[in-house]
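Report on the structure given below.
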Amino acid sequence: MASLRTPEGQKKYREYLKIEESSNSCPLCDKESIKDFGFWKIVENSFPYDQIAKTHNMLVLKRHVSEKDLNKEEAEELALVKESYINQEYDWLIEATPKNKSVPEHFHLHLIMAK
């Protein structure tokens, strides 16, 4: 599979994943917010898709759950954030398929401003 990261970015990401495997913490829970909503926050991606992105952030649920565990209020706010803020600020909204999710237990979406 072709990577959306440069070879250098992909190498750094693979090295990080090796270290992260032994950790019991969630890499998304502790990320500092650059924009807050009620149930969601936008954070900077530490390993951006630098082949295609000028800016690569992530929309992260503040609660640590998978997509299937979103409650009604979280899902409603997600729809509002996507329709308003994300559509105005970003070019692409990307969600990995289950086989490619590096943090499947914490629902998040990738927000891209193209190069």
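The values are calculated or read from the model by the stated rules, or taken from the named source; none is laboratory data. Please read all numbers here as calculations on a predicted model, not as lab measurements. Cβ placement follows ideal geometry from the backbone for every residue including glycine, while neighbour counts extend to all protein chains displayed. Only protein heavy atoms, including side chains, enter the accessible area calculation; ligands, DNA and RNA are left aside. Shrake-Rupley method; radii C 1.70, N 1.55, O 1.52, S 1.80 Å.
Of the residues Ser33, Ser25, Ser46, which exhibits the maximal mean-square fluctuation in a Gaussian network model of the chain defined by a 10 Å Cα contact cut-off?
Ser25
I need the shape label for region 13-75. Rule: rounded when a/c is under 1.5, else prolate if a/b > b/c, else oblate, with a, b, c from the alpha carbon gyration tensor. Each step should come with its number before you reach the end.
Details: a/c = 2.12, a/b = 1.29, b/c = 1.64.
Taking the square roots of the gyration eigenvalues as a ≥ b ≥ c, region 13-75 is oblate.
Which order do peptides 63-70, 96-103 fall in by mean Cβ count within 10 Å, highest first?
So the order, starting with the most tightly packed, is 63-70, 96-103.
With a 1.4 Å probe and every protein chain kept in, tell me what percent of the accessible surface of region 18-112 is carbon plus sulfur. Display every interim value, and only then the final one.
Details: 2780 of 5800 Å².
That fraction is 48 percent.
Per residue, how many Å² of accessible area does the chain show with a 1.4 Å probe?
64
Using only the alpha-carbon atoms, what does region 1-49 span along each of its principal axes? Please give whole angstrom values in decreasing order.
36, 25, 16
Straight-line reach from Lys31: which aspartates and glutamates have a Cα under 16 Å away, not including same-chain ones fewer than 8 places off?
Cross-link targets: Glu20, Glu44, Glu105.
Which value, to two decimals, describes the C-alpha radius of gyration of the chain once divided by 2.2 N^0.38 Å? Before the final figure, lay out each step's value.
Numbers: Rg = 14.1 Å, N = 115, 2.2 N^0.38 = 13.4 Å.
Taking N as the residue count of the chain, the ratio is 1.05.
For region 48-82 and region 97-112, compute the distance between their C-alpha centroids and round to whole Å.
For region 48-82 versus region 97-112, the Cα centre distance is 9 Å.
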